Structures are given as C-alpha cells and as structure tokens.
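The values are calculated or read from the model by the stated rules, or taken from the named source; none is laboratory data. In this text the structure is predicted, and so the values were computed from the model without any measurement. Please note: Cβ atoms are built from the backbone with ideal geometry, for glycine as well, and neighbour counts cover all protein chains shown. The protein model used for the area step is the full one, side chains on, heavy atoms only, and it has no ligands, DNA or RNA in it. Shrake-Rupley method; radii C 1.70, N 1.55, O 1.52, S 1.80 Å.
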Amino acid sequence: MYETVSQYLEYLELEKGLSKNTIDAYRRDLYEFADFSGCEIDNVDRGKLSNFIRHLKERSLAPTSVIRKVASLRGFFKWIYSMNIIDKNPASTLEQPKIPQRLPKVLSLKEIEEMLHSNLTPIQGVMMELLYSCGLRVSELVNLNITDIDMVSKYIRCFGKGSKERIIPVGKQALEKLKIYYPERDFLIKKYNLTTKKLLILDSGRIANRQDVYSFIHARGKLIHKNISPHTLRHSFATHLLENGADLRIVQELLGHSDVSTTQLYTHISKKRLKDVYFSINND
C-alpha cells in the first residue's frame, strides 16, 4: 500500500500542485491507515475503513482531524479506482463526519492595537502587520520573498493553498514597518553572507519558519491574556473588514477563499459580536 500512496502523493504534487504542507498531511493520514489496516490495497473493504474511523473517534481526536483523515481516504481511493488499481472503490459510500460549526476567535481593535504597540522588534512588527492588515496565512508569510513586495505600488504577491497567486494591498502602517525592517534585513544579509530572497530573517541569520511565527504570536497573546495563533489575526482581519462595510466578495478575494461560503462564516461572527455588544450595554 505504501508504494501506491507514494504514487498518489506524487500525483497531488505534480498534477494538482498542492503545497508541501498539504501533501505531508495526506502522507501522515494515509500511512496511519496503512499501519492500522496492515493489508494490501486490494484487500481494503468498507469494513476496514469503518473500523479505522471508529478507532480515530475512540482516540478522542478533534472532529476536524477525523474529517481531514476521512477526506484523505476518500480522495486516495477515488484516485486509485480511477487508475484501475482496484476494481471497486470501498470509500465511495463513506460518509464524511459532520462537525458542529464553531466561530473562530476574533480580537477586538483595541486588543490588536495593544499587540501592535508594545515593544516590537522590526521583524516582529512586520510579522504582526502582514498577518493582520493583509490577512496572510502563516505559511504565506514565511514563504514571502522580498521581491513579492512592491513598496511603490503598495501590494504583496503571495501564493496560497494550491499555489494560487493573489495580490493584496498593503496599508500605510505595514509599509512603515517594512521600511524600518529593511535596513536590519540588509545588515543580516551582509553579516551572514546570505543569498536568500526570503523576507523574514532572524537575528541568528536563520530564515523564520512557521514555528517561529506561532511562538511569537502566542507570546504576544499572553500580553492581552488571550490564547491565540497567527490564524486569529487572519480571522480578525476578515471580521473587522466586514464590520466596517467591506463587500463579502472583496474579502473572499483578499483571503484567497475558493468558495464564498467559507468567507460567509465571518458574517456570523460580526452578528454575534453585535449582539454581545448590545446586551452588554443594555445589561449595565
């Protein structure tokens, strides 16, 4: 089975253009099933798939994790069936578990301001501004090249899920943070004799990675007594835009969502926040 999984992952990379992180997630999910089933690919039936899903639920995994693993299996078996590797697709009637809709965490403008104006180093200021004012995913942030930023036309070019390119306007504050950071980056380039085009370079001369950004944002969240991640800033970016009258389709484009229904989630957040504010005022 492992050899077939490798062929499928190669297909996802070369034909579908999926990102390394997405392919790694598929690899983990499919290898986990291969380890669990312990059988050849043509011996997998609906019962083995159902037993695996039951096994996942007994481990008390988050519903989102179970859903992702089921989606990985469905995609894999659909592909190998189309390639005539198996005679019957055992996952064709596999039901996708449903997840209760939970509204993501969103920070207030006051909390954002507090995080943005509290002893930030130049690179930290850039991280904060690009995550919040541009709504970047953490992977998009760490993969930014300096050539992806046009300081004159005031836009950023980034590559989202499926390597889809999008252009995002850059605001005044983000541009100011970049202007402050650039001389420090130039100094580090010369100090460590680097040839990289990556935007974010740490004081040690190492290119910043996802974990560096997660650790930094988590630490900033503690200052306002919130447990947050980089994605919290992206959620806040979208919600604040909609609360201030931005068109839903524009927000969809800025976030890089392929389906507007994903963006519509933020309209629910805005309504809930409005209701919370109303009742807090009227209960005082």
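Take the conditions farther than 30 Å from Ile41 by Cα, of a type in the set (Asp, Glu) and surrounded by fewer than 17 Cβ atoms within 10 Å (Cβ to Cβ) and apply them to Asp150. Does it pass?
yes
Restricted to the range 74-99, and to residues that are modelled with pLDDT of 80 or more and of a type in the set (A, V, I, L, M), which residue is most open to solvent (accessible area, probe 1.4 Å)?
Within the range 74-99, the match that is most open to solvent (accessible area, probe 1.4 Å) is Met83.
For the condition farther than 18 Å from Met128 by Cβ, modelled with pLDDT under 95 and assigned to a loop (DSSP other than H, G, I, E, B), what is the one hit in Gly245, Gly162?
Step by step, each of Gly245, Gly162 is checked, and only Gly245 is farther than 18 Å from Met128 by Cβ, modelled with pLDDT under 95 and assigned to a loop (DSSP other than H, G, I, E, B).
Among all residue pairs at least 6 apart or on different chains, which show Cβ distances below 6 Å where the first residue, located in the range 4-27, is closer than 16 Å to Val70 by Cα and touching a residue at least 40 places away in the same chain (Cβ under 8 Å) and the second is assigned to a helix (DSSP H, G or I) and of a type in the set (A, V, I, L, M)?
Pairs found: Val5/Leu30.
Kindly evaluate Thr232 against the criterion of being out of contact with any helix residue (DSSP H, G or I) (no Cβ under 6 Å at 6 or more places or on another chain), open to solvent by less than 70 Å² (accessible area, probe 1.4 Å), modelled with pLDDT of 90 or more and not in a helix (DSSP H, G or I).
No.
If you go through the range 248-269, how many residues are surrounded by fewer than 19 Cβ atoms within 10 Å (Cβ to Cβ), over 16 Å from the mean Cα position of the chain (by Cα) and farther than 18 Å from Val170 by Cα?
7
How about the range 52-73: which of its residues are out of contact with any Phe, Trp or Tyr (no Cβ under 8 Å at 6 or more places or on another chain) and either closer than 16 Å to Met1 by Cβ or open to solvent by 90 Å² or more (accessible area, probe 1.4 Å) (or both)?
Arg54, Lys57, Glu58, Arg59, Ser60, Arg68
Just give me the residues in the range 29-50 being at negative phi, surrounded by fewer than 13 Cβ atoms within 10 Å (Cβ to Cβ) and not acidic (Asp, Glu), in sequence order.
Scanning the range 29-50 gives Cys39, Asn43, Gly47.
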